[in-house]
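The values are calculated or read from the model by the stated rules, or taken from the named source; none is laboratory data. Predicted model only: the values in this text are computed from it and were never measured. Cβ atoms come from the backbone with ideal geometry, glycine included; neighbour counts cover every protein chain shown.
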Amino acid sequence: MLLKTRNILRLLLLAFIIMLTKSHVQGQSGSGGNAVTLRVISYNIRLDTPNDGLNAWPFRKEKVAALLRFNGADIFCVQEALANQIADLAEAFPEFDYYGPARQDGGPGGGEHNPIFYNRNKFRLISSGTSWFSDTPGVPGSKSPSAALPRILSWIELQEAATGKKCYVFNTHFDHIGEQARIEAANIITAKLATLPADSPIILTGDFNTTADSEPITIITNPNNKMAMTDSRQLAKYPPLGPDFTFAGWQLEGAPGNTIDFIFVSKPIRVIYHVVIATHSHGFYPSDHLPVLAELAF
């Protein structure tokens, strides 16, 4: 009973902060121009495998969709998604379009994807692309010799319908074994971001399989980069909410893992709040990772 009461209080607190945020941003927009506000979620939804037993995708796909719907994302970026999981999410969110080819072959079905879903009523797709973390980033399925598997960076350029303002959204999933592979991936991302127009609003999401103090992350957040990125948690106007970990390993009662899932932003973007969402049912989370949510404005 105490646990349920705490969960209710957390939800009420989150709803109150959202209400304050909307009032704050609307006030700014009314007095100072056309601010774009958007809510972004990054979520490793865990691939669909029967080896997960009762945690397999067929038993939790509705919970994942409900979590995304309840938290009202304008854009949600997922990792580890197989083609059937993408189809399930597309069916659950008919007002959303998505981009994200498979990492194995660049097609619609070759293993895992890092799709980016966006609300087509709010955004128009301008351009998109995918790079492989290798010496030949344009070759589908290519990989670094130090990586266990092919890994990719998928991105889209969006234009907000009401204001015409543009932003870029990148989504990735770093190698789970090779530190050198993660360093190489971070350098490829940094080089890609440097090709974008100066002062571009950029959002970088993903499961980075490493912590904030590691070399790959410090490469991305290096203030000397042309497009220096910052962890949205550090920029939040309101105190961050939720646990201080994102790898949960399914069970509520299990030992907490590390924070390895992030939403990074470039300088033009303001962060209103940052939440690690700890929604659960009957002692289990909908995935082995917790989703990260950020309310942003630019």
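Tabulated values for the structure
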item: Complete set of residues in segment 225-248 that are within 13 Å of T259 (Cα to Cα) and either out of contact with any strand residue (DSSP E or B) (no Cβ under 9 Å at 6 or more places or on another chain) or β-branched (V, I, T) (or both); result: T246
item: Members of segment 259-297 that are hydroxyl-bearing (S, T, Y), outside any strand (DSSP E or B) and within 23 Å of F59 (Cβ to Cβ); result: T279, Y285, S287
item: Pairs where the first residue, in segment 257-274, is within 17 Å of V36 (Cα to Cα) and the second is of a type in the set (F, W, Y), C-beta under 6 Å, 6+ apart; result: P268/F298; I269/F298; Y273/Y238
item: Test: residue in segment 77-85 that is assigned to a helix (DSSP H, G or I), within 22 Å of F262 (Cβ to Cβ) and at pLDDT 95 or above; result: yes
item: Out of F170, F174, sole residue that is surrounded by 15 or more Cβ atoms within 10 Å (Cβ to Cβ), out of contact with any strand residue (DSSP E or B) (no Cβ under 6 Å at 6 or more places or on another chain) and of a type in the set (F, W, Y); result: F174
item: Selected residue (criterion: surrounded by the most Cβ atoms within 10 Å (Cβ to Cβ)) from residues of segment 127-142 that are within 20 Å of the chain's Cα centre (by Cα) and not aromatic (F, W, Y); result: S131
item: Criterion violated by T218 - all others in (1) β-branched (V, I, T); (2) without any contact (Cβ under 8 Å) to a residue 12 or more places away in the chain; (3) closer than 21 Å to T130 by Cα satisfied; result: (3)
